[in-house]
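Below: the structure, in structure tokens.
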Amino acid sequence: MFCGPGWSGGWFFSGWIVPGLLLLTLLGGAVWLLSRRIPASGIASKACPRCGGSVQEVYFRCPHCGDALKRNCPACSRVVDQGWDFCPFCSEALKAEAKQPTTTMTTDQLTP
């Protein structure tokens, strides 16, 4: 029978290849996890509509002037931006529509 080093039970698999593949798998997994991490500088920042100060998207109030950046929808109570006209979740109108001023008639305008 042939007893030389080969594919079955020799140093080829157990000595270098199996630990090497395990090490490469662990290093590849670590690199993949690090590449998926969101950096802290990736948080979107915008300007406050009232004072122009720098605010982040997750802020509810401006840290500079205290103006409310978000509010709750009156119908579904979900958080919506201050500048939105309609709630994207329940389609409720968020801004009161400008009503036409009604003219009242005075007594001198009445005709007999």
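Annotations
- Of all residues in region 1-52, those satisfying the criterion of being in a helix (DSSP H, G or I), open to solvent by less than 100 Å² (accessible area, probe 1.4 Å) and at pLDDT below 75 are Phe12, Phe13, Ser14, Gly15, Ala40, Gly42.
- Count of residues meeting criterion [assigned to a loop (DSSP other than H, G, I, E, B) and either in contact with an Asp or Glu (Cβ under 7 Å, 6 or more places away or on another chain) or farther than 15 Å from Lys95 by Cβ (or both)] in region 55-84: 17
- Contacts under 7 angstrom Cβ, first residue in region 46-58 being without any contact (Cβ under 8 Å) to a residue 24 or more places away in the chain, partner of a type in the set (Gly, Ala, Ser) and open to solvent by 70 Å² or more (accessible area, probe 1.4 Å), 6 or more apart: Ala47/Ser54; Ser54/Ser45; Val55/Ser45; Gln56/Ser45
The values are calculated or read from the model by the stated rules, or taken from the named source; none is laboratory data. This is a predicted model, so every value here is computed, not measured. So basically every Cβ, Gly included, is an ideal-geometry build from the backbone, and we count neighbours across all protein chains shown. With ligands, DNA and RNA removed, areas are computed over all heavy atoms of the protein, side chains included. Shrake-Rupley method; radii C 1.70, N 1.55, O 1.52, S 1.80 Å.
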